[in-house]
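The values are calculated or read from the model by the stated rules, or taken from the named source; none is laboratory data. Since the model is a prediction, treat every value here as computed from it, not as a measurement. No Cβ is skipped: glycine too gets one built from the backbone with ideal geometry, and neighbour counts run over all protein chains shown.
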């Protein structure tokens, strides 16, 4: 990695967050490889997702809840709201339930199965998801979101990252 590359990456991150670098990125910057991988994955996910920002936020929230990462949970509660996800869907995920909204429930159900099986879904199960609008491309996109935010949750859990004030949840 070139000298100063980490600082350049953090400067680009700061532009996305009104001049502030969230603590997660500061933790990841301890390993330039981890920082660059995470930033690249996030940028790729942001570029024309099939599933949309709301679905991505629900997937990431499910990853955070399962990993017990309060930092990421706070981030994705806010991300989901900003993407227009109903508060009822967000709270259902936080409680370990499936959202009642069909599209949200399908995405969360697929996420849970992909996490539980490391992607090993049977043909019948895959066909059932396809019938609900989650074909192979969508399932692979969910896996990409899972991979991205497993990195974030594990890094936060490892470092015990201090939660930025804007991501703190009540209770």
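In table form, for the structure just shown:
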{"read-out": "Answer residue from region 34-54, given it is assigned to a helix (DSSP H, G or I) and free of Cβ contacts under 8 Å to residues at least 12 places away in the same chain and is farthest from residue 6 (Cα to Cα) among those", "value": "46"}
{"read-out": "Considering residues of region 136-154 that are surrounded by 14 or more Cβ atoms within 10 Å (Cβ to Cβ) and more than 13 Å from the chain's Cα centre (by Cα) only, the residue nearest to residue 111 (Cα to Cα)", "value": "139"}
{"read-out": "Filter result for the condition that a residue is under 16 Å from the mean Cα position of the chain (by Cα), at pLDDT 95 or above and either surrounded by fewer than 18 Cβ atoms within 10 Å (Cβ to Cβ) or outside any helix (DSSP H, G or I) (or both), over 85, 124, 77", "value": "85"}
